[in-house]
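Colleague: Dropping a structure here in structure tokens format, bear with me for questions.
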Amino acid sequence: MDALDMGDKLEKILLTREQLDAKLDEMAAAIDAEYEGEEILLVGVLNGAVMVMADLARKIHTPCHMDWMAVSSYGSGTKSSGVVRILKDLGTDITDKHVLIVEDIIDSGLTLSWLISNLESRGPASIEIATMLRKPDAVKVEIDVAFVGFDIPNEFVVGYGLDYAGDYRNLPFVGTLASHVYAN
Ligand code: PRP
């Protein structure tokens, strides 16, 4: 999918494919430096983190395993509800493991705050977070994030894993939608 497929539904491109790719290189280098000599467990938070997980995992040199959790926080709208449910749990015992949670976006921080407490109770050696996007103006819970791609304005964005009602996850860039899309 690309901008042409969007027609008049695309308002603007916020981050191009090239900008995302260059940032992933930086994030991967920072992760390799941080975990030198260690092994890590990448935990992708479904569904949005699929793209960043796949791309980041292929750029890091640190030995890693990959696992996934699915939690629900939004439903199909555009605002955080704060309600978190586990839809799919890890298949891995994380006791004494270095866990790196991989996210597409931190919005209110409610999802991650809940997830961190949940995973901490399982006795990992460490837990850190890597997120491609963060919205500082939307934050409701302060979270210490070790690896951040871009801080972005508090507007609803789609692409690179992020959806609106299930659409647009497979855009290679991050962009905003024209207002008439929300009216339908
Ligand atoms: C998005 C995103 C984060 C969460 C961030 O997931 O992937 O997990 O919202 O929002 P928060 O910081 O306000 O909690 P979403 O629940 O939309 O599910 P999805 O990944 O399947 O799209």
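Here, each number is a calculation from the coordinates, and none is a lab measurement. On a predicted model such as this, the values are computed, not experimentally measured, just so you know. Cβ placement follows ideal geometry from the backbone for every residue including glycine, while neighbour counts extend to all protein chains displayed.
Colleague: How about the range 171-184: which of its residues are surrounded by fewer than 18 Cβ atoms within 10 Å (Cβ to Cβ) and touching a helix residue (DSSP H, G or I) at 6+ places or on another chain (Cβ under 8 Å)?
Modeller: PRO172, ALA178, HIS180 - these are the residues of the range 171-184 that are surrounded by fewer than 18 Cβ atoms within 10 Å (Cβ to Cβ) and touching a helix residue (DSSP H, G or I) at 6+ places or on another chain (Cβ under 8 Å).
Colleague: Can you find even one residue in the range 100-113 that is among the charged types (D, E, K, R) and touching a residue at least 40 places away in the same chain (Cβ under 8 Å)? Lay out the reasoning, then the answer.
Modeller: Taking the range 100-113 first, the residues among the charged types (D, E, K, R) are 103-104, 107.
Those left that are additionally touching a residue at least 40 places away in the same chain (Cβ under 8 Å): 103-104.
Yes, there is a match, as at least one residue in the range 100-113 is among the charged types (D, E, K, R) and touching a residue at least 40 places away in the same chain (Cβ under 8 Å).
Colleague: Something else about it: Count, please, the residues in the range 107-145 that happen to be more than 13 Å from the ligand (Cβ to nearest atom), surrounded by 17 or more Cβ atoms within 10 Å (Cβ to Cβ) and hydroxyl-bearing (Ser, Thr, Tyr).
Modeller: 0
Colleague: Within the range 1-44, how many residues turn out to be in a loop (DSSP other than H, G, I, E, B), among the acidic types (Asp, Glu) and farther than 28 Å from ARG122 by Cα?
Modeller: Residues meeting the conditions: 1.
Colleague: Restricting to the range 45-64, count the residues that are part of a strand (DSSP E or B) and under 15 Å from GLU128 (Cα atoms). Before you say what the answer is, go through the steps one by one.
Modeller: Filtering the range 45-64 for residues part of a strand (DSSP E or B) gives 45-46, 64.
Next, only the ones that are under 15 Å from GLU128 (Cα atoms) stay: 45, 64.
Residues that pass the stated criteria total 2.
Colleague: Further question: Within the range 146-165, which residues are more than 22 Å from ALA29 (Cβ to Cβ) and either away from the ligand (no atom under 13 Å from the Cβ) or among the charged types (D, E, K, R) (or both)?
Modeller: PRO153, GLU155, ASP163
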